[in-house]
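Heads up, the thing below is written out as structure tokens.
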Amino acid sequence: MSLNYYLYPTCAAISIAALVLKLRTLRVDRSPVQTALVGNFFFLSVTFVVSTPAMWVAVSRAVGIVNFSGLLTQSCVILSAACQQLVLLHLSHETHVAWRKAIPRLTGLAVILALMISLFSEATSLGENPDDFALSKASFYPAYLAVYLIGHVVNQVDVGVMGWRYSKVAPTPWLRRGLRLVAAAMPCAIIYTGCRAADIVAAQIGTTGHAWEPLAQIATAGTVSKTIGWTMPDWGRHVSKAWEAIDHRIAYRSLTNLHRSLTAQVPEPVLKLDDGADLQTRLYRKMVEIRDAQWALRLWMPPDVAADARQKAEAAGLRGDQLAASIEAAQLRAAAEAKRSGVEPTGAPSKPRAAEPQDLAAELAFLRLLAKAFRSTQAPPSSRFGAQETPA
């Protein structure tokens, strides 16, 4: 049984799911980008639904034209790529510039489609070919297939190049990731085109391309990665929120030992929160209390601890925030022990911090390093950061 019986229904289901997702988006955002994406997923859905062998025969019979499904699906492939070009042009340029740049592309596609239609009538005399339409037409009507392949590969390369270029300046992380995935699918289009071009050459020397037909079919699955890429900005933010919630819970637990050890010596910064306080509020409050306790313990920090900790950490190869966290952890451990024993040192440092994170995310990431270093202050500095925690 042909791979098409499994591959194309799977691709069709994914394309239809993406179409439904984008239709929901279109209700609140009718921009050219969203409209073109709806068009893209519509044409992809038609392509894969009709390419399913059972549907292929049914559609051709319903229209009354032999192998009409071949013309329909390959035309939809061209139209799908045109929609993707419109998406990228409108993402990259102002509306009037995007349409101006789209005109030559759309004109070229119109010529390709007109040539395909005019040559198609010659490709209908051998009966239905739901399993190997492109392969069989390579033998008897190479002109039709050659025109299609030219339009296909030019479109796909254009989409891949534009997608890669815009991914470097895209304003959101998930859009950047999605466009990179779209661009990464370009080799699949080139492999597919290469297989079909080889079909034409093989036909001219009296053989067929059945040997590499599975590769051509699998290469069409590159469309799935593009579909995922185009929808990433829609569902990716929900993944980020879910991961952020998980990561904040991990971070909250990772700071518990440090928070408990410092506030045991300096309880004044601790505020009782309502039982209904959410995790983000409790995490932020814990971060503030750690820093407040650190400043309060400054007066108990022996003056030589920072220099000694720096020397040992640098010798162990620590740099940057890991070095700063190691120094602060040593100071805090020494200060807590001094306060516990009631021996206040002289010449305390003017400030207790070795690093100054620039925003809340960087502050949380640093405090996690500090908590890890504080837990292992007694261990050799080189072992304190053996397992890196993922920053929030």
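The values are calculated or read from the model by the stated rules, or taken from the named source; none is laboratory data. In this text the structure is predicted, and so the values were computed from the model without any measurement. As a convention, Cβ positions derive from the backbone with ideal geometry for all residues, glycine included, and neighbour counts pool all protein chains shown. To get the accessible areas, we keep the full protein, side chains included, count just its heavy atoms, and leave off ligands, DNA and RNA. Shrake-Rupley method; radii C 1.70, N 1.55, O 1.52, S 1.80 Å.
Counting charges near residue 271 (Lys, Arg +1; Asp, Glu -1) among other residues having Cβ under 13 Å from its Cβ returns a value of 0. Across all directions, the shadow cast by the convex hull of region 285-351 built on its C-alpha atoms averages 4.7 square nanometres. Distance from the Cα centre of region 312-347 to that of region 236-306, in angstrom? Spelled out, the Cα-based centre of one part sits 18 Å from the other.
Counting only heavy atoms of the protein chains and using a 1.4 Å probe, residue 308 has close to 70 Å² of accessible surface. Please work out the Cα center distance from region 141-202 to region 66-92, rounded to the nearest Å. Using only Cα atoms, the two centres lie 12 Å from each other. The residues of the chain expose, per residue, 49 Å² of accessible area to a 1.4 Å probe.
Nonpolar atom fraction for the chain, defined as the carbon and sulfur part of the 1.4 Å probe accessible area, stands at 62 percent. Shape index of the chain: Rg/Rh, with Rg the Cα radius of gyration and Rh the Kirkwood radius from the inverse mean 1/r over Cα pairs, equals 1.22.
Taking Cβ atoms as reference points and 11 Å as the exclusive limit, the residues near residue 232 contribute a net charge of +4, counting Lys and Arg as +1 and Asp and Glu as -1. If one takes the longest principal axis of the Cα atoms in the chain, at what angle in degrees, from 0 to 90 and to the nearest 10, does the Cα axis of helix 68-92 lie? In the chain, helix 68-92 runs at an angle near 40 degrees to the longest axis. Computed from Cα positions, the angle between helix 186-204 and the longest principal axis of the chain comes to roughly 30 degrees. All other residues whose Cβ lies under 15 angstrom from that of residue 30 are scored, Lys and Arg at +1 and Asp and Glu at -1, for a net of +2. Beyond 16 Å, what share of the Cα-Cα pairs of region 170-254 remains, rounded to the nearest whole percent? Cα-Cα pairs of region 170-254 separated by over 16 Å account for 65 percent. Its relative contact order, with pairs defined as Cα atoms under 8 Å and 6+ residues apart, puts the chain at 12 percent.
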